[in-house]
1. (1) in contact with a Leu (Cβ under 6 Å, 6 or more places away or on another chain); (2) of a type in the set (A, V, I, L, M); (3) closer than 16 Å to His14 by Cβ: which one isn't true of Ala84, the others all being true?
2. Pick out, from the range 6-59, the strands (runs of 3 or more DSSP E) lying fully within it that include 1 or more residues that are touching a residue at least 60 places away in the same chain (Cβ under 8 Å) and buried (at least 21 other Cβ atoms within 10 Å of the Cβ).
3. Hey, Leu92 hits all of (1) free of Cβ contacts under 8 Å to residues at least 60 places away in the same chain; (2) out of contact with any Phe, Trp or Tyr (no Cβ under 8 Å at 6 or more places or on another chain) but one; which does it fall short on?
4. If you take the residues in the range 67-78 that are out of contact with any Gly (no Cβ under 8 Å at 6 or more places or on another chain), in contact (Cβ under 8 Å) with a residue 24 or more places away in the chain and not hydroxyl-bearing (Ser, Thr, Tyr), which one is surrounded by the most Cβ atoms within 10 Å (Cβ to Cβ)?
Amino acid sequence: MLMSLAKRIFLYSHSVDMRKGFDGLSGIVSQQMGADVLSGDAYVFVGRRKDRLKLLIWESSGFVLYYKRLEAGTFRLPAGKQAAVALSSAELWALLEGLDVEVKQRRKRYKLSA
């Protein structure tokens, strides 16, 4: 349900203070990622210890904030030098489940032409 709201998914590649809420995270999206927080895209943020994750999405009536804390282990993040790394919904679910989402090469998939 949650990911059906988002158009695209972006992972912020730097660690974030997990005390930040709606305003602090939306400031990172607009100022550091250079994106429009009201676009309907999902933005994923991970804490310094990589055991906490927040996902911020704008829906028609306001922000939605999803927060997950792992009891053991850490999130395995894809490497990226830019401020935002694009993720597919499958990669996000793998990340949330604790799987390694490092993608070396995407496999070719059929896409319906517009």
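Nothing in this text is a laboratory measurement; each read-out follows from the coordinates by a stated rule. Treat the numbers as computed from the prediction; the structure is a model and nothing was measured. Cβ coordinates were reconstructed from backbone atoms using ideal geometry, including for glycine residues, and neighbour counts include every protein chain displayed.
1. For Ala84, the exception is condition (1).
2. On the way: elements: 9-12, 42-46, 52-59.
Strands (runs of 3 or more DSSP E) meeting the threshold: 9-12.
3. Every condition holds for Leu92 apart from (1).
4. Among residues in the range 67-78 that are out of contact with any Gly (no Cβ under 8 Å at 6 or more places or on another chain), in contact (Cβ under 8 Å) with a residue 24 or more places away in the chain and not hydroxyl-bearing (Ser, Thr, Tyr), the one surrounded by the most Cβ atoms within 10 Å (Cβ to Cβ) is Leu77.
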